1. Residues of the range 73-94 being in a helix (DSSP H, G or I) and either among the polar types (S, T, N, Q) or loosely packed, with under 13 Cβ neighbours inside 10 Å (or both), which ones?
2. List the pairs whose first member sits in the range 57-68 and is exposed (fewer than 14 other Cβ atoms within 10 Å of the Cβ) and among the charged types (D, E, K, R), whose second member is modelled with pLDDT under 90 and outside any helix (DSSP H, G or I), and whose Cβ atoms are under 6 Å apart, counting only residues at least 6 apart or on separate chains?
3. Looking at VAL43, VAL34, VAL67, can you tell me which residue is assigned to a helix (DSSP H, G or I), modelled with pLDDT under 90 and over 15 Å from the mean Cα position of the chain (by Cα)?
4. Could you go through the range 15-24 and let me know if any residue there is without any contact (Cβ under 8 Å) to a residue 24 or more places away in the chain and β-branched (Val, Ile, Thr).
5. Which residue, of ALA52, ALA113, is among the small types (Gly, Ala, Ser) and either closer than 17 Å to SER6 by Cα or surrounded by 14 or more Cβ atoms within 10 Å (Cβ to Cβ) (or both)?
Amino acid sequence: MNRIISLDILQKKIFTIRNKRVMIDRDLAELYGVETKKLNQAVKRNIKRFPADFMFQLTNEEQAELVTNCDHLQKLKYSSNNAYVFTEHGVTMLSSILNSDRAIEINVQVVRAFIQLKQFALENKDLAQRVAELEHYFIEHNKDYKEDMEEIHQAIDLLMDRTKPAK
């Protein structure tokens, strides 16, 4: 299977809205090589496959915030309808209704991007827990740890800058 789109590009199209990682209908339509209207029509014809935890429509406020933060979504500002967004499960479901080779290949790439973001979040959670344990150890043993912790935090910041995906 050829890699059509890099994971880095896909990760830049994944946003956190309502504490869920989602992709915007317009970005997905572009990736699949179809019009946004056609993608949404296919979804509406198969609406039973898209419960609220798979897909939802943005509120006016959510859409305005997205337009403010993302240059490539400026056209949403003038749209008469608010965009639909799809969670990882919704994106996976799209492959069942957009049954082209390109749709299947893009879906595989998108799912990989979601998985990589989850892995990144888990790794950082583990790192934060380890730093907290280290701070607790220093405090328990009455050690002056301020300089040591500053160096540790600088090293963590350097690592985070090298490994974090774009927002």
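The values are calculated or read from the model by the stated rules, or taken from the named source; none is laboratory data. As the structure is a computational prediction, the values presented were derived from the model and not from experiment. Cβ coordinates were reconstructed from backbone atoms using ideal geometry, including for glycine residues, and neighbour counts include every protein chain displayed.
1. Of everything in the range 73-94, those that are in a helix (DSSP H, G or I) and either among the polar types (S, T, N, Q) or loosely packed, with under 13 Cβ neighbours inside 10 Å (or both) turn out to be GLN74, LYS75, LYS77, TYR78, THR92.
2. Here the result reads none, with nothing in the range 57-68 linked to a residue that is modelled with pLDDT under 90 and outside any helix (DSSP H, G or I).
3. None of the other options fit; the residue is VAL67.
4. Of the range 15-24, the ones without any contact (Cβ under 8 Å) to a residue 24 or more places away in the chain are 16, 19.
Still in the list and also β-branched (Val, Ile, Thr): 16.
Yes; the residues of the range 15-24 include at least one that is without any contact (Cβ under 8 Å) to a residue 24 or more places away in the chain and β-branched (Val, Ile, Thr).
5. Every option except ALA113 fails the conditions.
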